[in-house]
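Peer 1: Quick one: the structure is below, questions incoming.
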Amino acid sequence: MTDSAGRPALLRELAEAGVPADASPRRRAEYAYDASNYRVEPLAVAFPRTVDDVVAAVAVCRASGTPVIARGGGTSMAGNAIGPGLVLDFSRHMDRVRAVDEEAGTVDVEPGVVLATLSREVERATGGRRTFAPDPSSKNRATVGGAIGNDACGNHSVRYGRTSDHVAEIDLVTSDGARLTATETGVRATDPADAFSAGRAKSLAAALERLAQDNLSTFRLELGRIPRQVSGYHLDNLLPEKKFNIARAVVGSEGTWAVVVGAYEARAEAGERAARLPRLRGRRRRRP
């Protein structure tokens, strides 16, 4: 549903699900654009506080056929953060750095964390010994979720790599409400006790394995040939020699596979930086 005539029903159903949304003219105008030249007015904007809020909002949208647009800092330059449905802005509430583990070289983060804030918190927690590697020019506004969405890199990417080079695990909510964690060797239910999500993880893994097996030569010869392949999916990460790395395959998918709700970034090796939304690897911060 993208027709404004359905907006009252959408707002009512979201409120009943415990996820209030703002459909005021001002709010719709604010979220009708990002850093691109495009303008697409959404039906409404919601500010989820928890993963449960995201699951509830996605369920309402699924039932009504309403598109879901995940948004962080709105720094996308190709209209990636706008759309005609419900915008979920993660930058207001789901913006915590939950844990920094210097020994493991990882950081646990929510999708709305601003990249500059993430770097600062990692550096503070580690006495400047580690930081978060990807540093696009929009890092003081762009969020981790957005960096995962478009595989952000930055000035130092030639040496330290792009976001996909630093991802270990990504927590996701699928369109049918499954809560999954994409890892470096597959996908699992975020909560092992969640039978529905466990079953969904198993079926998705099997489907992705079949996709890779059916397209081995194409994935090996045509994909991953340029340093930053931003057009299309990173499906070469599903190859057996890349250990069926679904976490890396998700990066760059711009929210078309699922909604990113958390990550464990950087299983950093010695001398690299860390972060957690997916699990990212990092680089050592240079001393002045």
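Peer 1: What's the number of the only condition in (1) modelled with pLDDT of 95 or more; (2) surrounded by 17 or more Cβ atoms within 10 Å (Cβ to Cβ) that Arg273 fails to meet?
Peer 2: (1)
Peer 1: Among the residues of segment 42-79, what is the count of those that are surrounded by fewer than 18 Cβ atoms within 10 Å (Cβ to Cβ) and free of Cβ contacts under 8 Å to residues at least 60 places away in the same chain?
Peer 2: 7
Peer 1: Can you confirm whether Ala263 is at pLDDT 95 or above, under 30 Å from Asp95 (Cα atoms) and open to solvent by less than 80 Å² (accessible area, probe 1.4 Å)?
Peer 2: Criteria not met by Ala263.
Peer 1: Does any residue in segment 126-139 that is farther than 30 Å from Ser36 by Cβ come within less than 9 Å, Cβ to Cβ, of a residue that is open to solvent by 10 Å² or more (accessible area, probe 1.4 Å) and not in a loop (DSSP other than H, G, I, E, B) six or more places away or on a different chain, and which pairs are these?
Peer 2: Close Cβ pairs satisfying both conditions: Thr126/Val100; Arg129/Glu123; Arg130/Val100; Arg130/Glu123.
Peer 1: Does Ser217 count as among the polar types (S, T, N, Q), at pLDDT 95 or above and more than 22 Å from the chain's Cα centre (by Cα)?
Peer 2: yes
Peer 1: If you go through segment 243-253 one residue at a time, do you hit one that is surrounded by fewer than 14 Cβ atoms within 10 Å (Cβ to Cβ) and either not in a loop (DSSP other than H, G, I, E, B) or not polar (S, T, N, Q) (or both)?
Peer 2: Within segment 243-253, not a single residue is surrounded by fewer than 14 Cβ atoms within 10 Å (Cβ to Cβ) and either not in a loop (DSSP other than H, G, I, E, B) or not polar (S, T, N, Q) (or both).
Peer 1: Right, another one. When residues of segment 23-41 are filtered for being basic (Lys, Arg) and open to solvent by less than 60 Å² (accessible area, probe 1.4 Å), how many remain?
Peer 2: 2
Peer 1: Consider segment 128-168. How many of its residues are more than 17 Å from the chain's Cα centre (by Cα) and not hydrophobic (A, V, I, L, M, F, W, C)?
Peer 2: Within segment 128-168, residues that are more than 17 Å from the chain's Cα centre (by Cα) and not hydrophobic (A, V, I, L, M, F, W, C) number 13.
Peer 1: Counting only residues that are in contact with a strand residue (DSSP E or B) (Cβ under 7 Å, 6 or more places away or on another chain) and in a helix (DSSP H, G or I), which one in segment 1-27 is nearest to Gly112 (Cα to Cα)?
Peer 2: Only one residue fits best here, namely Arg27.
Peer 1: Say we look at segment 31-52 and pick out the residues that are outside any loop (DSSP other than H, G, I, E, B) and touching a strand residue (DSSP E or B) at 6+ places or on another chain (Cβ under 8 Å); which of these is nearest to Trp257 (Cα to Cα)?
Peer 2: Val51
Peer 1: Oh, and also: Might you let me know whether segment 21-35 holds any residue that is charged (D, E, K, R) and either over 17 Å from Asp89 (Cβ atoms) or touching a residue at least 40 places away in the same chain (Cβ under 8 Å) (or both)?
Peer 2: Scanning segment 21-35 turns up at least one residue that is charged (D, E, K, R) and either over 17 Å from Asp89 (Cβ atoms) or touching a residue at least 40 places away in the same chain (Cβ under 8 Å) (or both).
Peer 1: If I go through segment 44-67 residue by residue, how many of them are closer than 14 Å to Asp89 by Cβ and of a type in the set (A, V, I, L, M)?
Peer 2: 5
Peer 1: If you don't mind, another one. Which ranges mark the helices (runs of 4 or more DSSP H) fully within segment 115-201 that have 1 or more residues being modelled with pLDDT of 90 or more and buried (at least 21 other Cβ atoms within 10 Å of the Cβ)?
Peer 2: So the answer is 115-125, 144-150.
Peer 1: So how many residues does segment 80-103 have that are assigned to a loop (DSSP other than H, G, I, E, B) and open to solvent by less than 40 Å² (accessible area, probe 1.4 Å)?
Peer 2: Total meeting the criteria: 6.
Peer 1: Moving on. For segment 231-248, does any single residue satisfy the condition of being out of contact with any Gly (no Cβ under 9 Å at 6 or more places or on another chain), modelled with pLDDT of 95 or more and either over 28 Å from Ala133 (Cα atoms) or among the acidic types (Asp, Glu) (or both)?
Peer 2: Yes: segment 231-248 contains one or more residues that are out of contact with any Gly (no Cβ under 9 Å at 6 or more places or on another chain), modelled with pLDDT of 95 or more and either over 28 Å from Ala133 (Cα atoms) or among the acidic types (Asp, Glu) (or both).
The values are calculated or read from the model by the stated rules, or taken from the named source; none is laboratory data. Remember, predicted model here, so these are calculated numbers, not experimental data. Cβ atoms come from the backbone with ideal geometry, glycine included; neighbour counts cover every protein chain shown. When the accessible area is computed, the model is the full protein with side chains, heavy atoms only, and any ligands, DNA or RNA have been set aside. Shrake-Rupley method; radii C 1.70, N 1.55, O 1.52, S 1.80 Å.
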